[in-house]
Amino acid sequence: MDESYEILGLAPGAERSEVKRAYQRRKELYSRGSLAIYSLASESDRESRLEQVESAYQRILSFMHLHGDEGEHTNSDHSPSAPMPDPEMAPGEYLRWARNQAGLSIRQLADRTKISTMRLDDIESERIDHLPPPVYLRGFVYEFARSLGLVNAFQLSEFYLRRVASGLDD
């Protein structure tokens with residue numbers, strides 16, 4: 001099992017959210033066309049590494065499942081197995097889905113981002129009348145997404161601002 005954690009660059013016993021972020025980073029690193037390894041690895045080496053990363057991730061998830069770590073920190077009313085919402089059409093819902101996929105509660109995310117739980121809930125629920133001015137909102141949404149390990153954090157913050165602006169125009 002230690003080898004699986006090592007492949008993902010983690011210490012044994014890492015939290016589910018850390019495992020997911022490490023997996024996403026490694027998967028991106030070894031993806032086709034990755035500039036980070038473009039001249040360092042052949043196509044077959046890259047594919048082999050990608051398979052190792054996938055296998056290690058699956059072994060760790062199975063281990064966590066067997067030992068009772070099923071992401072108990074998620075909101076029960078938003079199942080982590082729910083279909084992924086469209087980030088452009090429903091960015092708040094997408095952020096909630098991503099948080100649940102990471103196995104984090106609002107409180108854990110607030111501790112990580114230093115953004116209040118109430119503010120994070122307002123962002124997820126897209127409560128336009130409770131949101132801060134756009135300049136602050138952009139930073140909050142970006143930090144929310146970044147702390148979940150989402151690679152499209154900046155784009156997501158732009159989608160969110162467009163959504164809020166269209167809601168204000170109605």
Inset, instruction - Residue by residue through segment 101-121, note down the ones that are out of contact with any Ser or Thr (no Cβ under 8 Å at 6 or more places or on another chain) and closer than 18 Å to MET84 by Cβ. - result: GLN101
Legend entry - 1 or more residues modelled with pLDDT under 85 and loosely packed, with under 14 Cβ neighbours inside 10 Å: qualifying helices (runs of 4 or more DSSP H) within segment 18-121: 43-66
Inset, instruction - Give the residues of segment 122-148 that are closer than 21 Å to ASP86 by Cβ, buried (at least 19 other Cβ atoms within 10 Å of the Cβ) and among the small types (Gly, Ala, Ser), sorted by residue number. - result: ALA145
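The values are calculated or read from the model by the stated rules, or taken from the named source; none is laboratory data. From a predicted model like this one, the values you see are computed outputs, not experimental measurements. Cβ coordinates were reconstructed from backbone atoms using ideal geometry, including for glycine residues, and neighbour counts include every protein chain displayed.
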